[in-house]
């Protein structure tokens, strides 16, 4: 008795033919193979065009984002540089005023570029715009204070020179009084001269009405005490000559005190606002960085590349 065994290879061949018959291309399955390939070619060309255009705009947006970050990073350094130059300017450093002028110009140029844009960089938009709008008033105030210091440059330099004269001549007056007889008039005069020096030097930090008044009163009292000393004494004559220059420097400070006050207030404001300025500028730089990382054009480009690959895969199935 003969047994008929099933052929597994024959069954596998039938399953393969059946599977091949079931492979169709979505939406194009009812068309002929030639029509399907033609449709897929058009789709591939369309998605490839979108990918190329997306890549172009993505590179452009990336370049603009990098420039935004570079420009806003300048503000970080400028906030600290202006504070340093303001301090030095209050001390009568002539070079510091050059730094203030350059810093003010650079800050203004950077803020105008980020705010309004130019032919190569559009104005700030999106989430960084809100951060920039918060920074603009602070920067404007800092720029205004720098302008005040620039206007008062002559006064601040005069103050510094006057204080230098008082300091140097004060040492000479001190040496002269130490050689004179130790009587009450000489000691009182020496004490008033020291007070005048202290009043003048304190104005480097802040000019107030109380300081100016104290300097004026001490100057008058010192003149009275000097008049009480014997004029026939050669040491008193030399002391009188030294005091003339000392008193002249003090009078310069008293006469220009109003100009000093405005400039010093502006200089202190620049220094005090430097840290908030720095923090706000850092937030702006971070906002630009996040905007660059999350740009939409990069997602469009990746999606276009993905859909470019799909027609190729589907076309492979059609050809099979």
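Between residue 202 and residue 73, the contour length at 0.36 nm per residue exceeds the alpha carbon distance by 42.8 nm. Under the criterion of Cα pairs below 8 Å and six or more residues apart, the relative contact order for the stretch 155-263 equals 42 percent.
Just to verify a number: FRET efficiency for residue 188 and residue 154, C-beta to C-beta distance, R0 = 35 Å, to 0.05? Between residue 188 and residue 154 the formula returns 0.50.
With R₀ set to 25 Å, the beta-carbon distance separating residue 293 from residue 119 gives a calculated FRET efficiency near 0.45.
So for each of 258-271, 221-234 I average, over its residues, the number of other beta carbons within 10 Å; can you give me the resulting order with the highest mean first? Don't skip to the end; give the middle numbers.
Numbers: 258-271: 19.6, 221-234: 13.8.
Taking the mean over residues of other Cβ atoms within 10 Å, the ranking is 258-271, 221-234.
With the biggest extent put first, the Cα atoms of the stretch 155-263 measure 44, 21, 17 Å across the principal axes. Residue ranges 207-215, 151-159 sort as 151-159, 207-215 when ordered by packing (mean number of other C-beta atoms within 10 Å per residue, highest first). Kindly list the residues of the stretch 163-191 that lie in the label zone of residue 233, defined by a backbone N under 17 Å from the point 7 Å along the Cα-to-C-beta vector. Counting only backbone N, you get 173-191. Per-peptide packing, taken as the mean over residues of other Cβ atoms within 10 Å, places 164-176, 118-130, 81-93 in the sequence 81-93, 164-176, 118-130 from highest down. The modelled label-to-label distance between residue 66 and residue 220, using points 7 Å beyond Cα along the C-beta direction, is 7.0 nm.
Read the figures in this text as sums done on the coordinates, not as results from a lab. Note that this is a predicted model, so its numbers are computed, not measured. Counting neighbours? That spans all protein chains shown, and the Cβs are built from the backbone with ideal geometry, glycine included.
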